[in-house]
Amino acid sequence: MTAPTPAVRERIDSLSGEELPAYVYDLDALRTHARAVRAALPRQVELYYAAKANPEPEILSALGPYVDGYEVSSGGELTHVAKAAPGRALAFGGPGKTPAEIATALELGVRRFHVESAYELRMLASLTARHAPSERPGVLLRFNLPLPEASLESSSLAMGGHPTPFGLDPTEADTLVGLLTDGTYPQLELLGVHAHLASGLDAPALLALAQSVVTWSLDLAGRHGVRFGEINVGGGMNVDYAHPASRFDWTAYGEGLGELLAPHPDLTLRIEPGRALTAYCGWYATEVLDVKRSHGKEFAVVRGGTHHLRTPATKGHDQPCTVLPASAPWPHPWPRPCAQGAQVTFAGQLCTPKDVLSRDVPAPGLRAGDRAAFALAGAYAWNISHHDFLMHPRPTFHFLGRD
Ligand SMILES: *Cc1c(COP(=O)(O)O)cnc(C)c1O
């Protein structure tokens, strides 16, 4: 599952050493995956892509036919996605929105604001009055709600249920719903609730989370005698870097959401996955520069490293790796270093012991000049990395299967 697709393999083989490292994306594989995700979801569920996972314009537009819109979490993402996916629905979330960013969103006609605090609601109301957009902007109040037990245990990163800067405290709920329903802010339309509470959850844990968010939200609406048309239950679908063949069960998740929605035919549920949509379509390919032994362990030093693919360093995992033996003869007059043992740790060119891409990869006979392709590099990879550290050259980028 982690070996490069034939198209990606062919492209990696065709690149010269100087064109490596390279990020190679298979857009056809991305389309196939996104189509399957969409097909697994009931009609009442809207699918937004969280652009922060990978905002490359080619990725955004390949996802276009399968998503209902995009979730943007900064002013930068807002203007970037509005340009790359013109005319598509955007939801503007994220903490610390500035007045200038909100004004830009109003000018761009953004219809959904995920409001993170009481202060932000006041600011949005004031800017809306001043900018007088043609349509009333809609508000989803983002809450930091407790996580159900089942979700808490399996999450890799929890944004909710404990003190964090994200969203509103549940104790503020009645006051804020009051402001949006008692005529204080007639320029804003209360659409419902947003809650992105954890990442790295499997389908049963994420369903338990959705159930608890929906129950809590409908209670809140009921207390105020209003109807919420929309509830956004966030992203966070797991990508298992240690067992890449085990994928998030979209079919079970879709069926579970269908059951959850059955008693509420007028409710739109929205999800906004990032990682689980795009992780699988990208590979970071590079070349082995040196093979050496240190205190009983063998290392391959590759062109590039975690300044291009920071994911294994930040998450503390081994990036799934496929070795691609070089077909060309060794071009140099000096001897070619070669692994003696069966397992090799792949490290990059940075002067820090943290620059490790993958440990103890089975790679008997690995030699300098061989290539390696690191999988699951389509999300939170290049765009979260510290590119300028040590001033090594940037990778090349390849989007295969463009329209
Ligand atoms: C990051 C983020 C997402 C996407 O999370 P994934 O784990 O990539 O699915 C969705 N919504 C919000 C508000 C986020 O911050």
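The values are calculated or read from the model by the stated rules, or taken from the named source; none is laboratory data. Values in this document were obtained by computation on a predicted structure and should not be read as measured data. Note: ideal-geometry Cβ built from the backbone for every residue, glycine included; neighbour counts use all protein chains shown. For the accessible areas, the whole protein counts, side chains as well, though only heavy atoms, and no ligand, DNA or RNA atoms are used. Shrake-Rupley method; radii C 1.70, N 1.55, O 1.52, S 1.80 Å.
Descriptive notes on the structure:
- Check on Tyr70, within 16 Å of the ligand (Cβ to nearest atom), among the aromatic types (Phe, Trp, Tyr) and free of Cβ contacts under 8 Å to residues at least 40 places away in the same chain: yes
- Close pairs from region 95-120: first on the phi > 0 side of the Ramachandran plot, partner in a strand (DSSP E or B) and open to solvent by less than 30 Å² (accessible area, probe 1.4 Å), Cβ under 9 Å, at least 6 apart: Gly109/Leu90
- Test result for Val37, more than 12 Å from the ligand (Cβ to nearest atom) and open to solvent by less than 10 Å² (accessible area, probe 1.4 Å): no
- Residue in region 236-246 that is surrounded by 15 or more Cβ atoms within 10 Å (Cβ to Cβ) and not in a loop (DSSP other than H, G, I, E, B) present: yes
- Within region 309-327, if we keep just the residues that are over 16 Å from Ala279 (Cβ atoms) and in a loop (DSSP other than H, G, I, E, B), the residue that is farthest from the chain's Cα centre (by Cα) turns out to be Ser327.
- Region 142-154 residues that are assigned by TED's automatic domain parsing to the domain that holds Leu220, paired with ones that are among the aromatic types (Phe, Trp, Tyr) and modelled with pLDDT of 95 or more (beta carbon under 7 Å, 6 or more apart): Leu145/Trp216
- Considering Arg303, Arg310, the condition of being more than 16 Å from the ligand (Cβ to nearest atom) and either charged (D, E, K, R) or under 25 Å from Pro6 (Cβ atoms) (or both) is satisfied by Arg303 alone.
- Pairing residues of region 282-309 that are over 23 Å from Met391 (Cα atoms) with residues that are part of a loop (DSSP other than H, G, I, E, B), at Cβ distances under 6 Å and at least 6 apart in sequence or on separate chains, gives Gly282/Ala377; Gly282/Gly378; Glu298/Ala339; Glu298/Gly341.
- Among the helices (runs of 4 or more DSSP H) confined to region 60-162, the ones with at least 2 residues that are at pLDDT below 95 are located at 118-131, 149-154.
- Restricting Thr251, Thr268, Thr286, Thr215 to those that are modelled with pLDDT of 95 or more, over 24 Å from the mean Cα position of the chain (by Cα), away from the ligand (no atom under 16 Å from the Cβ) and among the polar types (S, T, N, Q) reduces the list to Thr215.
- Single match in Arg11, Arg38 (criterion: of a type in the set (Lys, Arg), in a helix (DSSP H, G or I), under 17 Å from the mean Cα position of the chain (by Cα) and not assigned by TED's automatic domain parsing to the domain that holds Asn232): Arg38
Residues checked against (1) closer than 15 Å to Ile59 by Cβ; (2) of a type in the set (S, T, N, Q); (3) at pLDDT 95 or above; (4) buried (at least 21 other Cβ atoms within 10 Å of the Cβ):
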residue	(1), (2), (3), (4)
Pro362	no, no, yes, no
Ala373	no, no, yes, yes
Ala377	yes, no, yes, yes
Ala381	yes, no, yes, yes
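- Number of the exception - Leu277 against (1) assigned to a loop (DSSP other than H, G, I, E, B); (2) surrounded by 18 or more Cβ atoms within 10 Å (Cβ to Cβ): (1)
- Restricting region 163-205 to residues that are touching a strand residue (DSSP E or B) at 6+ places or on another chain (Cβ under 9 Å), within 15 Å of the ligand (Cβ to nearest atom) and open to solvent by 10 Å² or more (accessible area, probe 1.4 Å), the residue that is farthest from Ala129 (Cα to Cα): Asp202
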